[in-house]
Amino acid sequence: MTGPMKPVSAVQFVGAGPGAADLLTLRAARLLSEADVVLYPGSYLDAAILDICSRAGDLIDTQDLNLDAIIARIVAAQQAGLRVVRLVSGDPTLYSAVFEQTRRLDAAGVPWSVTPGVPAYAAAAARVGRELTVPLVTQSVVLTRTQQRSTPMPESESLAAFAATRATLVLHLAITRIRLIMAELTSSHGPDCPVVVVYRASQPQELVLRGTVVDIADQVEAAGLRQAAVILVGRALADRPDPCGGDSHLYDPCRDRSAQQTGERG
């Protein structure tokens, strides 16, 4: 006679945040502490996050595994009735390869769920105390990357097209091409446009470089940065944006606040 079957647990894709263990969400910390198996990206993750995991759990560094090997580990563990967490750096909605993993889990009949995390660009902006959307300066943020030895970019998503909007640019996975990128942005943003580069935001090795379109590449190359850095570009990053940022409509003393009763938001 067999014993009771273990309940089927969904594989948990969990955003590890930018690196600091205390920037994990409460849900993420709970899932890690309860997991039997944790697959994590060793090249981007601060090891302190793994201290939250159960000492009885199996920790698997995926930096040397291909996608098929990762999925095989996940499926085998889940089908054995184990609680599985797949950690991804930052937030799962950005450059996390979650879609290609969940597509394969769907084909294998394995349930899954996603827990968000603090994105690296948000940690980078917080580190330098800057809002990326300043009234009368810019109200949009473009999150993108560039192509080198990586997945091709769609033809409609050129850097020049995004730069023409003058929105704040957040560039991921682009640090090794920063000189070419800044040369391309000179005409749209001007050589004096502020640029901030944050390497391993919130982690012990964190490094912040502040400069402009014309000089930031020199700083990056002198520091020898090759990965795990976010590039922020835009007038909102200036100490005093020109034109000077105004006040938002939300807090305007002349605004009719009775409109809030009808559901209007500022």
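The values are calculated or read from the model by the stated rules, or taken from the named source; none is laboratory data. Because the structure is predicted, anything quoted here is derived from the model rather than measured. Counting neighbours? That spans all protein chains shown, and the Cβs are built from the backbone with ideal geometry, glycine included.
Figures for the structure shown
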{"item": "Residue within region 47-58 that is in contact (Cβ under 8 Å) with a residue 12 or more places away in the chain, crowded, with 21+ Cβ neighbours inside 10 Å and closer than 27 Å to residue 22 by Cβ present", "result": "yes"}
{"item": "Residue 218 more than 22 Å from the chain's Cα centre (by Cα) and modelled with pLDDT of 90 or more", "result": "yes"}
{"item": "Strands (runs of 3 or more DSSP E) contained in region 23-91 and holding at least 3 residues out of contact with any Phe, Trp or Tyr (no Cβ under 9 Å at 6 or more places or on another chain) and not small (Gly, Ala, Ser)", "result": "37-40"}
{"item": "Residue 166, sole failed condition from (1) in contact with a helix residue (DSSP H, G or I) (Cβ under 8 Å, 6 or more places away or on another chain); (2) on the phi < 0 side of the Ramachandran plot", "result": "(2)"}
{"item": "Residue satisfying all of: in region 145-179; assigned to a loop (DSSP other than H, G, I, E, B) and small (Gly, Ala, Ser); surrounded by the fewest Cβ atoms within 10 Å (Cβ to Cβ) among these", "result": "156"}
{"item": "Neighbours by Cβ (under 7 Å, 6+ apart or cross-chain): first from region 74-90, at pLDDT 95 or above; second surrounded by 18 or more Cβ atoms within 10 Å (Cβ to Cβ) and among the basic types (Lys, Arg)", "result": "74/86"}
{"item": "Single condition residue 208 does not satisfy, out of (1) closer than 28 Å to residue 144 by Cα; (2) modelled with pLDDT under 65; (3) surrounded by fewer than 16 Cβ atoms within 10 Å (Cβ to Cβ)", "result": "(2)"}
{"item": "Failed item in (1) of a type outside the set (Lys, Arg); (2) touching a residue at least 40 places away in the same chain (Cβ under 8 Å); (3) loosely packed, with under 14 Cβ neighbours inside 10 Å, with residue 28 passing the rest", "result": "(3)"}
{"item": "Residue among 151, 115 that is within 30 Å of residue 69 (Cα to Cα), modelled with pLDDT of 95 or more and among the β-branched types (Val, Ile, Thr)", "result": "115"}
{"item": "Every residue from region 58-88 that is touching a helix residue (DSSP H, G or I) at 6+ places or on another chain (Cβ under 9 Å) and more than 18 Å from residue 113 (Cβ to Cβ)", "result": "58, 59, 60, 62, 65, 67, 68"}
{"item": "Odd one out for residue 117 among (1) touching a Leu at 6+ places or on another chain (Cβ under 8 Å); (2) under 22 Å from residue 73 (Cα atoms); (3) crowded, with 22+ Cβ neighbours inside 10 Å", "result": "(2)"}
{"item": "Residue within region 36-44 that is of a type in the set (Val, Ile, Thr) and modelled with pLDDT under 95 present", "result": "no"}
{"item": "Criterion (within 17 Å of the chain's Cα centre (by Cα), β-branched (Val, Ile, Thr) and in a loop (DSSP other than H, G, I, E, B)) met by exactly one of 118, 110, 114, 142", "result": "118"}
{"item": "Residue check for residue 125: within 27 Å of residue 198 (Cβ to Cβ), at pLDDT 95 or above, of a type in the set (A, V, I, L, M) and out of contact with any Phe, Trp or Tyr (no Cβ under 9 Å at 6 or more places or on another chain)", "result": "yes"}
